[in-house]
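Peer 1: Handing you a structure now.
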Amino acid sequence: MFHIVQYRPLRLITQNSLSKICLKLMFSRLVTFEWIPKSWFSSHSLVGNKNIILMGPPGAGKTTVGRIVGQKLDCPVIDIDDDVLETTWNMSVSEKLQDVGNEQFLEEEGKALLKFSASGSVISLTGSNPMHTAGMQHVKRNGIVVYLDVPTVVIMSRLKSMKVDRIVGQGPATSLKDILQFRKQFYKRWYDVRVLCGGNMAAEIVAEKVLDAVKRYQNSEVETYVSTRSTQKNSHKYFSDVVVEGLASDGGLFVPERGLPEFTAEEWQTLIEATYAERAQVILERCIHPADIPASKLREIIGTAYGENFTCSKIAPVRHLTGNQFLLELFHGPTASFKDFALQMMPHIFAYCIPRSCNYLVLVATSGDTGSAVLDGFSRLHGADKQRIAVLSFFPEDGVSPIQKSQMIGCQKENAWSVGVKSDFDFCQTAMKKIFTNSDYTGYLTVEYGTALAAANSINWARLLPQIVYHASAYLDLVHQGIIAFGDPVDVCIPTGNFGNILAALYAKMMGIPIRKCICASNENNVLTDFIRTGIYDLRGRKLVPTFSPAIDILKSSNLERYLHLIADGDGQLVTQLYDQLENQGHFQLRKDLLEKLQQDLVAGWCSEEDCLAAIHSVYSTTGYILDTHTAVAKVVADRLQDRTCPIIISSTAHYSKFAPAILRALRITEIKQNPLSQLHLLSSYSPLPPVHWGLLETLKKNENEGHRVCAADLNMLMSCIETLIQKHFMKVF
């Protein structure tokens, strides 16, 4: 119950005198709008019988914006303060407050709201209306609630200029900032769509943004997805479809048909003070239509994903390393790699999107980190979701680190299993694609076992989206720390194998984050470096080289296809030709104009095994900080390619604990024990920075003696393994 009591600002009156008289008459009698002539509503089809309900803190501009929106739509405008409360009470809000006191005021306000009814109108709520549950439930039934989200610091400045230093409910020991922060939980509970409002944003602009947000809310058909290989105009899907299907039936990858939403600089700046979860909420709301996942459900999913599972409260902190280099630490999740950012979230998105009438087996091919992350994420589902969704991870039996393998085995649960394959990652990934596009096999599983297949690799769009957030968040953190001003450029350097992480950075750039260059860092499997430099993607004669950085031991980079589709302006026929040529001839070459586009975004370099270990030793010797092997690859490449005219953010994609043998070797520790747990204890004895990952230690302690299945590098064997596990989990056979 926090009404402004010391000063009530003048409100803009933009309705004609007739509408003002009608409004006053109606609310003095507390009647509805049913008697208003139909011609009144004829020009605002955007609203129809629904109300547009503006909600936000005091000083957000709800009344002013409401008048402008009402004028644009030529529909009634109702201010709850003026037209409902004061008319109902026959006294001013401040008088009512003095009459009933703080404790009773909110209840009286809620009672008045419960008696109120309207349709086809623009309604400006009070700042405290959302704190009354029954009142808001009543109003929301016939309206679209629009949250005018204004940064707290801006609201405080506005209230100060209005000579307001206290709002209702603020006790002597409570600051204005604390009260405003407290109220946010109520605003977040009720809104359907959010409008970000910067400090200097004119009311006219906010009103246009409100109309755009309502239009988007009412029309989900404009946000569709197409395959990167699609040549048909009407072959689009919705977000829920692409989450469930994973891979397109033509072998392509799904992408937004109209691209990703772009934020203005002012909108980005409203997120500078925000937490990681708040940034994720705002960004993903723009990327996922509320018809697919409502804002309230998305908030629940984000809260679950980025809650106690992460050991650092900042979730993805940015740490200064040396000079103009900064580390984006992406290893604070439960399985100690950047994959946790998507895979603590994706299982809940998937469970929400799938139909309830079918069981699902989620397949994933992993080069190391994805396996444990996907197993951990899906094993955290509860109840019926855990019964009807299982996950199966295929990994190269001899192509991951011992600790990665132990971790994957340790992350197996009742609905989550790992299978080692006697081959490399490229075989595993190619096999997955062949299985998904084999309609006879997938149809057989559906008919025989009532089970459909789905994908959890970064070929699934729901894997990529959460990764955009941490690239945007890293930039905003540098602004918040005073390292840069918003608008200053940064470079990013990312260890790259399957191209998903660096693609997410490119998407963040498209959405308005001032990233200058994305530096692609490869190990000795440097097919991407050659491609970015020459435009020639050539696998002929290449053999996969096992390295100290196994997560990027990849020759066929799946997500590159999405980027080529982007720079080719959505030319699905061209993408199909390129990938058919790669499949049949082992190579393709980009046109000169496309290579020029690519090189505006990307530069690339690679790192030898010796240089990787040397970088780990050098950084530890000078700073006491231990890089993992993948981050060391990026560090080496960043040192070579950065021009030092702007900060560079290096993605630290995994915790060094996962690669203990290589780290011990880099630090020139001669005694390297074979047991993974012993290796971690040895590393821990050096009091490293950051400390050994607790989640990894716990997983290895609990599961030292567990086993796993091993399968030959044969597609039919993999399909047989899938069928056996479906029988075991869903049919309760064996």
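Peer 1: For region 136-146, how many residues meet the condition of being out of contact with any Lys or Arg (no Cβ under 8 Å at 6 or more places or on another chain) and outside any helix (DSSP H, G or I)?
Peer 2: The qualifying residues number 2.
Peer 1: Out of region 412-425, which residues are open to solvent by less than 20 Å² (accessible area, probe 1.4 Å) and either more than 24 Å from the chain's Cα centre (by Cα) or on the phi > 0 side of the Ramachandran plot (or both)?
Peer 2: Those that are open to solvent by less than 20 Å² (accessible area, probe 1.4 Å) and either more than 24 Å from the chain's Cα centre (by Cα) or on the phi > 0 side of the Ramachandran plot (or both): 415, 418, 419, 420, 421, 425.
Peer 1: Take the residues in region 475-514 that are assigned to a helix (DSSP H, G or I) and of a type in the set (Val, Ile, Thr), then tell me which one is farthest from the chain's Cα centre (by Cα).
Peer 2: Once the filter is applied, the top-ranked residue is 479.
Peer 1: If you don't mind, there's one more thing I want to ask. Of the conditions (1) open to solvent by 10 Å² or more (accessible area, probe 1.4 Å); (2) free of Cβ contacts under 8 Å to residues at least 60 places away in the same chain; (3) more than 30 Å from residue 720 (Cα to Cα), residue 524 clears all except one; give me its number.
Peer 2: (2)
Peer 1: In this structure, is residue 278 free of Cβ contacts under 8 Å to residues at least 40 places away in the same chain and farther than 30 Å from residue 576 by Cα?
Peer 2: Spelling it out, residue 278 is indeed free of Cβ contacts under 8 Å to residues at least 40 places away in the same chain and farther than 30 Å from residue 576 by Cα.
Peer 1: With in contact with a Ser or Thr (Cβ under 7 Å, 6 or more places away or on another chain) and buried (at least 22 other Cβ atoms within 10 Å of the Cβ) as the only criterion, which of 230, 124, 128, 117 stands out?
Peer 2: One residue alone meets the criteria, 124.
Peer 1: So is residue 319 farther than 18 Å from residue 504 by Cα, open to solvent by 60 Å² or more (accessible area, probe 1.4 Å) and not in a helix (DSSP H, G or I) or not?
Peer 2: yes
Peer 1: Given the criterion within 17 Å of residue 257 (Cα to Cα), among the hydrophobic types (A, V, I, L, M, F, W, C), in a helix (DSSP H, G or I) and open to solvent by less than 20 Å² (accessible area, probe 1.4 Å), identify the matching residue among 574, 594, 564.
Peer 2: Going through 574, 594, 564 in turn, just one is within 17 Å of residue 257 (Cα to Cα), among the hydrophobic types (A, V, I, L, M, F, W, C), in a helix (DSSP H, G or I) and open to solvent by less than 20 Å² (accessible area, probe 1.4 Å): 564.
This table checks each residue for (1) β-branched (Val, Ile, Thr); (2) more than 22 Å from the chain's Cα centre (by Cα); (3) buried (at least 16 other Cβ atoms within 10 Å of the Cβ).
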| position | (1), (2), (3) |
| --- | --- |
| 203 | no, yes, yes |
| 206 | yes, yes, yes |
| 210 | yes, yes, yes |
| 215 | no, yes, no |
| 240 | no, no, yes |
| 247 | no, no, yes |
| 255 | yes, no, yes |
| 264 | yes, no, no |
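Peer 1: Search region 364-377 for residues that are part of a helix (DSSP H, G or I) and pair each with any residue that is of a type in the set (Lys, Arg) when their beta-carbon atoms are under 6 Å apart and the residues are at least 6 apart or on different chains.
Peer 2: Short answer, once both residue conditions are applied: 369/339; 370/339; 373/339.
Peer 1: Another one. Against the condition in contact with a His (Cβ under 9 Å, 6 or more places away or on another chain), within 20 Å of residue 263 (Cβ to Cβ), in contact (Cβ under 8 Å) with a residue 60 or more places away in the chain and not aromatic (Phe, Trp, Tyr), how does residue 216 come out, does it pass?
Peer 2: yes
Peer 1: Name the residue, out of 677, 696, 664, that is hydrophobic (A, V, I, L, M, F, W, C) and over 20 Å from residue 551 (Cα atoms).
Peer 2: Exactly one of 677, 696, 664 is hydrophobic (A, V, I, L, M, F, W, C) and over 20 Å from residue 551 (Cα atoms), namely 677.
Peer 1: Hey, another quick one. On the given criteria, is residue 98 without any contact (Cβ under 8 Å) to a residue 60 or more places away in the chain, farther than 24 Å from residue 285 by Cα, open to solvent by 10 Å² or more (accessible area, probe 1.4 Å) and of a type in the set (S, T, N, Q)?
Peer 2: So residue 98 passes the test.
Peer 1: Being aromatic (Phe, Trp, Tyr) and in a helix (DSSP H, G or I) is the filter here, so list the residues in region 597-638 that pass it.
Peer 2: Passing the criteria: only 620.
Peer 1: Can I ask one more? Name the residues in region 47-86 that are open to solvent by 30 Å² or more (accessible area, probe 1.4 Å) and of a type in the set (S, T, N, Q), would you?
Peer 2: Selection gives 49, 64, 71.
Peer 1: Return the only residue of 626, 616 being out of contact with any Cys (no Cβ under 6 Å at 6 or more places or on another chain), free of Cβ contacts under 8 Å to residues at least 60 places away in the same chain, open to solvent by less than 20 Å² (accessible area, probe 1.4 Å) and farther than 30 Å from residue 573 by Cβ.
Peer 2: Exactly one of 626, 616 is out of contact with any Cys (no Cβ under 6 Å at 6 or more places or on another chain), free of Cβ contacts under 8 Å to residues at least 60 places away in the same chain, open to solvent by less than 20 Å² (accessible area, probe 1.4 Å) and farther than 30 Å from residue 573 by Cβ, namely 616.
Peer 1: To continue, here is another question. What do you reckon, is residue 301 of a type outside the set (D, E, K, R), in contact (Cβ under 8 Å) with a residue 40 or more places away in the chain and not in a helix (DSSP H, G or I)?
Peer 2: Taking the combined requirement at face value, the residue does not satisfy it.
Peer 1: Restricting the search to region 154-190, which residues are more than 21 Å from residue 272 (Cβ to Cβ) and touching a residue at least 60 places away in the same chain (Cβ under 8 Å)?
Peer 2: 162, 163, 164, 165, 166, 167, 168, 169, 170, 179, 189, 190, listed by residue number.
Peer 1: Same structure, new question: May I ask you to list the residues in region 84-101 that are touching a Phe, Trp or Tyr at 6+ places or on another chain (Cβ under 6 Å), of a type in the set (A, V, I, L, M) and closer than 18 Å to residue 63 by Cβ?
Peer 2: Within region 84-101, just 84 meets the criteria.
Peer 1: Could you tell me which of the residues 609, 671, 596 is modelled with pLDDT of 95 or more, farther than 18 Å from residue 533 by Cα and acidic (Asp, Glu)?
Peer 2: 609
Peer 1: Being in contact with an Asp or Glu (Cβ under 7 Å, 6 or more places away or on another chain) and not β-branched (Val, Ile, Thr) is the filter; apply it to region 287-320 and report the residue that is farthest from residue 378 (Cα to Cα).
Peer 2: 319
Peer 1: Could I ask something else about it? Restricting region 542-561 to residues that are charged (D, E, K, R) and crowded, with 23+ Cβ neighbours inside 10 Å, which is modelled with the highest pLDDT?
Peer 2: The qualifying residue modelled with the highest pLDDT is 561.
Peer 1: Okay, next question. Just checking, which of 715, 689, 680 is within 20 Å of residue 396 (Cα to Cα), among the aliphatic types (A, V, I, L, M) and modelled with pLDDT of 80 or more?
Peer 2: From the options 715, 689, 680, the qualifying one is 715.
Peer 1: For region 527-541, enumerate the residues that are modelled with pLDDT of 95 or more, open to solvent by 10 Å² or more (accessible area, probe 1.4 Å) and not in a helix (DSSP H, G or I).
Peer 2: 536, 538, 539, 540
Peer 1: If you take the residues of region 440-456 that are open to solvent by 10 Å² or more (accessible area, probe 1.4 Å) and touching a residue at least 12 places away in the same chain (Cβ under 8 Å), which of them is farthest from residue 388 (Cα to Cα)?
Peer 2: 441
Peer 1: Something else: Please give the helices (runs of 4 or more DSSP H) falling wholly within region 390-457 in which 2 or more residues are at pLDDT 90 or above, over 30 Å from residue 672 (Cα atoms) and not aromatic (Phe, Trp, Tyr).
Peer 2: 425-436, 439-449
Peer 1: On to the next question. Going through region 115-135 one residue at a time, which ones are hydrophobic (A, V, I, L, M, F, W, C) and not in a strand (DSSP E or B)?
Peer 2: Listed by number, the residues that qualify are 116, 118, 125, 131, 134.
The values are calculated or read from the model by the stated rules, or taken from the named source; none is laboratory data. Bear in mind that the values here come from a model prediction, so they are computed numbers and not experimental data. Using ideal geometry, Cβ is built from the backbone for each residue, glycine included, and neighbour counts are taken over all protein chains shown. Areas reflect the complete protein model, heavy atoms only, side chains present, ligands, DNA and RNA absent. Shrake-Rupley method; radii C 1.70, N 1.55, O 1.52, S 1.80 Å.
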